[in-house]
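Let me give you the structure first, and then I'll get to my questions.
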């Protein structure tokens, strides 16, 4: 792979691939058990972007490279579908949150109006009809 990349450098601009640093290589080896042999490699591996991976698969002409190319294309299609569904889900969640905020505002307004109406009823003095007794033996008119 490294040999093919070196032979076809014009096909791999900086945004298609980059070489890992020694520290990054050690981190990859530590996180990926199936790459243990990479630890003893004298050269640091290349990391490919989506376009770089497709280009690398097109440079290699073996049966394994063709299978890898097909796998790469399928993988990136799935990733794009996941991202698209994630965006749709975020949009729907945002719309629901906005509706809930609108509903919360309407409910608060309704509760405030009810509270004001309840206060008006309590604060209004009801005029009593009839007489009340101010002191024993005397009647007072209200």
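Those residues that are touching a helix residue (DSSP H, G or I) at 6+ places or on another chain (Cβ under 8 Å) and farther than 18 Å from residue 17 by Cα, I need them from the stretch 42-69; list them, please.
Hit for the stretch 42-69 is 66, nothing else.
Is it true that residue 112 is surrounded by 10 or more Cβ atoms within 10 Å (Cβ to Cβ), modelled with pLDDT of 85 or more and part of a helix (DSSP H, G or I)?
yes
Based on what the data block shows, is residue 79 at pLDDT 80 or above, surrounded by 10 or more Cβ atoms within 10 Å (Cβ to Cβ), farther than 30 Å from residue 49 by Cα and not assigned by TED's automatic domain parsing to the domain that holds residue 49?
For residue 79, the condition - at pLDDT 80 or above, surrounded by 10 or more Cβ atoms within 10 Å (Cβ to Cβ), farther than 30 Å from residue 49 by Cα and not assigned by TED's automatic domain parsing to the domain that holds residue 49 - is not met.
For the stretch 59-78, which positions are assigned to a helix (DSSP H, G or I) and touching a residue at least 24 places away in the same chain (Cβ under 8 Å)?
Selection gives 59, 76.
A quick yes/no check of all residues on (1) touching a strand residue (DSSP E or B) at 6+ places or on another chain (Cβ under 6 Å); (2) closer than 21 Å to residue 62 by Cβ:
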site	(1), (2)
4	no, yes
7	no, yes
12	no, yes
16	no, yes
24	no, no
28	no, no
36	no, no
39	no, no
44	yes, no
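In the list 86, 51, 34, which residue meets the criterion of being over 19 Å from residue 5 (Cα atoms) and either in a loop (DSSP other than H, G, I, E, B) or assigned by TED's automatic domain parsing to the domain that holds residue 3 (or both)?
It is 34.
The values are calculated or read from the model by the stated rules, or taken from the named source; none is laboratory data. The model shown is predicted, which means the values in this text are computed figures rather than measured ones. In this analysis, Cβ positions are derived from the backbone assuming ideal geometry, glycine residues included, and neighbour counts consider all displayed protein chains.
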